[in-house]
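Right, one structure below, let's go through it.
Coordinate-derived values only; no laboratory data. Remember, predicted model here, so these are calculated numbers, not experimental data. Virtual Cβ from ideal backbone geometry, glycine too; neighbours counted across all protein chains shown.
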Amino acid sequence: MSMPVTTSAPTPAPARGLNPQGEVSAHLLRVLERGGADMSKLGVPAQPQPEDGLWEDVAVPQARARRNMWRNSIEDAAQNEYLAFRFDHLDDKQKPNTLRNWLDSLIAAKKLGARPETLNMIIPGPIGSGKSAAACALGNEAAERGLWALYVKHATYLTWRRPDSAPHNMKGWEVRKKFVECDLLILDELCGEMDMTATEFARKETIDLIDSRIAAGRPTAYTTNLRSRRTPDSPAMGVVDILGERLLSRLESSAHLAKITGPDRRKPATPLNW
């Protein structure tokens, strides 16, 4: 005698991507949020803009996404070790008080919807003196206080502005847009890898970025190994020799100088014998 055969409906697989209602799954939302996606376009209702303009409440998806944009910009530059730096980790030669006071002024201006009195921070110094660590500490602190901060090396920005060279399938105009529109830009190694007069492309793109940010009243911190200009005591090329007097005068017109001095921190204590 044959036994009756019973069947049961298969257990549905967990939703991936779009669920049966056409909504983005919670897991995918979290992944996109970490990537700094615009959550208002992914089914998450846009939250009201904070009254003081600062996205500090990380319980709000848009606020977390902005903070993640800073982290992603550091990771894209393979500078992950700098994510741990804060002002308290800097020594006196790295000008933590100067950077802290400037950030306080940027926060105050943002709350008032005003243009910062000092728009640019120039952080020059010799190779290995701790400029990038200081600038990234500034960015880390700014991101924690609700500013939309981004980091990029000057040479990397120029590369990404060329056709099909940007990461994450970004278009050249998207690269420009985000680095022009962020609240605070850390432009590291200004004129890095340039030992002669800049090409027309490099000069045009750099002037466009700096001019656009200045015109919009958005602050920028620059680090560089170079002096501002060539002098009899320092015959090496300076920023003005590479990018031109017009750019430097625009950059210096509303800037504070935080010069970092000291030996190369990355140099071994005992010279290696090759």
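Overview of results
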| quantity | calculated |
| --- | --- |
| Kirkwood Rh and Cα Rg combined as Rg/Rh, segment 104-144 | 1.07 |
| Karplus-derived 3J(HN,Hα), 6.51/-1.76/1.60, for each residue of segment 198-203, Hz, glycine and proline x | 5, 5, 4, 4, 5, 5 |
| Fraction in percent of alpha-carbon pairs per bin - 5 Å, segment 196-274 | 3, 12, 19, 20, 16, 11, 9, 5, 4, 1, 0 |
| Average Cα contact separation per residue, segment 173-274, under 8 Å, 6 or more apart, as relative contact order % | 28 percent |
| Cα-Cα separations in segment 97-254 greater than 25 Å, expressed as whole percent | 28 percent |
| Share of pairwise Cα separations in segment 55-187, more than 17 Å, in percent | 60 percent |
| Segment L112-Q79, length gained on full extension (0.36 nm per residue, minus Cα span) | 8.6 nm |
| Most to least packed among 152-159, 98-105, 136-143 [average Cβ atoms within 10 Å] | 136-143, 152-159, 98-105 |
| For peptides 66-77, 85-96, sequence by mean Cβ density within 10 Å, most packed first | 66-77, 85-96 |
| Label-point separation, R86 to S254 (7 Å along Cα→Cβ), nm | 3.0 nm |
| Residues of segment 165-196 with amide N under 17 Å of a point placed 7 Å along Cα→Cβ from D211 | 176-177, 180-181 |
| Loop GluC sites (Glu not before Pro), segment 143-204 (other Cβ atoms within 10 Å of the site Cβ: 14 or fewer; DSSP) | E193 |
